[in-house]
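The values are calculated or read from the model by the stated rules, or taken from the named source; none is laboratory data. This one's a predicted model, so the numbers in the text were calculated from it and none came from an experiment. Glycine also receives a Cβ, built like all others from the backbone with ideal geometry; neighbour counts cover every protein chain displayed. Just so you know, the surface numbers come from the protein's heavy atoms only, side chains and all, with ligands and any DNA or RNA stripped out. Shrake-Rupley method; radii C 1.70, N 1.55, O 1.52, S 1.80 Å.
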Amino acid sequence: MKFVDEFRDAVAARALLDRIRATVTKPWTIMEVCGGQTHTILRYGLDQLLPREITLVHGPGCPVCVTPIEMIDLAIDLSRRPGITLCSFGDMLRVPGSSCDLFDARAAGADVRVVYSPLDALELARREPSREVVFFAVGFETTAPTTAMAVFHASRLNLPNFSVIAAHVRVPPAIEAIVSSDNNRVQGFLAAGHVCAVMGLEEYRPLVEKFKVPIVVTGFEPLDLLQGVAMCAAQLEAGRAELENQYVRSVRTEGNLSARSLMAKIFTTVDRRWRGLDVLPKSALALTDRYAAYDAIRRFDLVHEAAIEPVECRAGEVLRGRLKPPQCPAFGRVCTPEHPLGAPMVSAEGACAAYFHAGRLSTAAMEAK
Amino acid sequence: MNTRDRAVSANSDALQCPLPSRKNDLIVLGHGSGGRLTAELVRTVFLPALSNPILDRLDDSAEMSVGGSRLAFTTDSFVVSPLRFPGGDIGSLAVNGTINDLAVAGAQPLGLSAAFILEEGFPIAELRQVMQSMREASRAAEVPVIAADTKVVERGKADGLFITTSGIGVIPGNLELGPERAQAGDAVLVSGPVGDHGIAVMSAREGLEFEATLVSDCAPLHGLVSAMIDSGSVIRCMRDATRGGVATILNELAKSSGVEIVIDESVVPVRDAVRAACEILGLEPLYVACEGRLVAIVDEAHADRILAAMRRHPLGADACRIGRVTRRGEPRVALRTAFGPTRLLDILAGDQLPRIC
């Protein structure tokens, strides 16, 4: 397949691995921020191929995983009200809230539907004017523009029966939270290429300067990740801390200006609690007052109820890169994809699920490492 | 930051994550995925009620001896949405699906029954089209529908049309096939590219359009199976890779035989259009359903001869070897990636879900 196979070439991968081996002289811990990158690493077994000096830890970049439980509860509660059609991406439906997930709510009679895009939800609202169609919008800056576009169109069409629960979050505050935490062990970051394709590079420069930490904007194919690791390791070995762009084929310095301008019109940044990462200042996107009519939280007077958060699941440590999923006592024993304790075991991009499905063969090798 | 947030934040090192609620008091869609939830339902609800030595084998077809003949019997329900998709419809699927469950048991199908559940308001013209398609599939396969039933339910109580077919066939006297027969050293064969049906249906359902039209692989496999058996080679077991795809049935076979199976990712045949669709949707082709492909585990010494026989048949033209049974021991299926490392190819909990970004 053109433009895909080239970035999965085993010969080129070996050359990059040789380059990494020739570069590293001491141990380095590098975090890949995005869950899609974690998935590629485990799918291709890159963690098994890298020299033992390089430890990859998995970041908080799985939108399903960091969505706080109270937000999920709120969506479930809303879905149970008469006249409501709640739409979201497939992954989101299986994430457990306090008492059940959205699939359970659907089985119990709620009108919950899987969509591939917020624009599909908008279309549903046009087709079914008697239903209140609510899109549960999760995701990083990558998916936020499509939500912004849906709200923008709803406003232009004056569509009275469409609204969104905006649970979008931003990457830079998460990197800042990780790198500034007391027991941080991450020395370099592979930033999420698709997020930067939208947002550009500039908001990462202050992080590099303030924390003296290398950040390499990296793509999602195996060669992208190996090249990102090579670039990051070269910086670490040389004592440099710079912002570099590995993913030049998709990421421009300024990002996608039309997407950014639409986002600026529709969203404002707010503080929000992330699952496992605390309340992060300016880490989330909420609708501006001008578009308040399309904000389901305001339209339906939804209240964030404090949720019960027991301690069996150590997703918080996993999401902060302090714990590898197999090191969690619950992993694969009481916590499995069919009975997940936490969101990272649910989503395809969740680190725990990635390890469960792809990584179990290599666990022993990894623990030895 | 409000008071509650502060309380949560003070407690942030308590590593929060929700305890799940998954007691599954109600049926969820995942129970129909063919994955772990389906297996759980079978184990905890169906088998306790209906257990007997034939059913407990959980084979594609049940085998019974009647008057010195070996009969295979099977049943399957079809609830596909939309009813029509590129390469077939619910009618051809209902005929071929049940024929294939008989075929992979090594049986020559004798006849089918068909039961129709119709929703009030369903257009008769559409039913005629489905029947035309069943008739063509039945004729092409030379397997007649010899018994049928119809029920109509109120509008809203079904989704247009559901079909259940059952089938009966005869197994040749000396044929020994079974999911428990795989042995270390055996070859794993697949009869053609995987995932065509699942992606064709998904594209039709979601209105996804690709440059090349994807067509379901829906087809009756008993002719291909006959050709394989007639080659005089040792076949250990066969499965048609429907719900849950090749990965799921390989896991079932590994479990029944108590063996490890290793698949070589770089040789698994997947059409470009299927790969592209899977890339876009975040799906794994090895878990996507086929309706006209079988996986066979065969004696390595006979593998080339069986492959040659398969390739001479139109439905096996692209047959190839995708892996082997490596050893007796902990049942599992592993995938050797193009880069060299091996990873587990597990059974999924429920349906594959399209990813967010």
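Relative contact order of chain B: 22 percent, from C-alpha pairs under 8 Å at least 6 residues apart in sequence.
The figure for B:Ser81 is an accessible area of roughly 40 square angstrom, using a 1.4 Å probe on the protein chains alone.
Taking the protein heavy atoms of the protein assembly as shown in the context of the full set of protein chains, the accessible area attributed to carbon and sulfur is 53 percent at 1.4 Å. Compared with the direct C-alpha span, the chain from B:Val152 to B:Val215 gains 19.6 nm at full extension, assuming 0.36 nm per residue.
In chain B, taking the dipole from charged Cβ atoms about the Cα centre, the farthest positive-side position among B:Gly160, B:Ala182, B:Ala319 is held by B:Ala182.
Of the residues A:Met71, B:Met64, the one with the largest accessible area comes first in the ranking B:Met64, A:Met71, computed with a 1.4 Å probe on protein heavy atoms. Principal semi-axes of the equivalent ellipsoid, √(5λ) from the alpha carbon gyration tensor of the range A:186-275, are 24, 16, 12 Å from largest down. Placing unit charges on the Cβ atoms of the charged side chains and taking the dipole of the protein assembly as shown about its Cα centre, the candidate lying farthest along the positive direction among A:Leu119, A:Gly350, A:Pro172 is A:Pro172. Accessible surface for A:Ser99 stands near 70 Å², nearest 10, in the context of the full protein assembly shown (1.4 Å probe). Ranked by the mean number of other Cβ atoms within 10 Å of their residues, highest first, the peptides B:338-345, B:85-92 fall in the order B:85-92, B:338-345. Counting only residues at least eight positions apart within a chain, or on another chain, the aspartates and glutamates with an alpha carbon under 12 Å from that of B:Lys157 are B:Glu119, B:Glu120. Rounded to the nearest 500, the 222 nm mean residue ellipticity of chain A from helices alone is -10500 deg cm²/dmol, with -39,500 (n - 2.57) taken per DSSP H run of at least 4 residues.
Chains B and A together bury roughly 5400 Å² of accessible surface, counting both sides and using a 1.4 Å probe on protein heavy atoms. Computed over chain A, the quotient of the alpha carbon radius of gyration and 2.2 N^0.38 Å is 0.99. Just so you know, the Cα atoms of the range A:42-138 work out to an Rg and Dmax of 17.6, 60 Å.
Its relative contact order, with pairs defined as Cα atoms under 8 Å and 6+ residues apart, puts chain A at 22 percent.
For the range B:60-171, the mean projected area of the C-alpha convex hull, equal to one quarter of the hull surface, is 7.1 nm². Listed by chain and number, the aspartates and glutamates whose alpha-carbon sits under 17 Å from that of A:Lys282, ignoring those within fewer than 8 places in the same chain, are A:Glu141, A:Glu176, A:Glu202, A:Glu203, A:Asp271, B:Asp5. Every Cα-Cα pair in chain B was counted, and those over 25 Å apart are 57% of them. The alpha-carbon atoms of the range B:187-344, seen along their principal axes, cover 45, 35, 25 angstrom, with the largest extent given first. Rounded to the nearest 10 square angstrom, A:Leu102 shows an accessible area of 0 square angstrom against a 1.4 Å probe. Round to a whole angstrom and tell me the spacing of the C-alpha centers of the range A:32-66 and the range B:274-321. If you average the Cα positions of each part, the centres end up 31 Å apart. Once C-alpha pairs closer than 8 Å and six or more residues apart are averaged by separation and normalised to the residue number of the range B:42-183, the relative contact order reads 34 percent. Diffusion coefficient (Stokes-Einstein, Kirkwood radius over C-alpha pairs, 10 °C, 1.306 mPa s) for the protein assembly as shown: 59 µm²/s, rounded to a whole number.
Given +1 at the Cβ of Lys and Arg, -1 at the Cβ of Asp and Glu and no other charges, the dipole of the protein assembly as shown around its Cα centre is 940 debye to the nearest 20.
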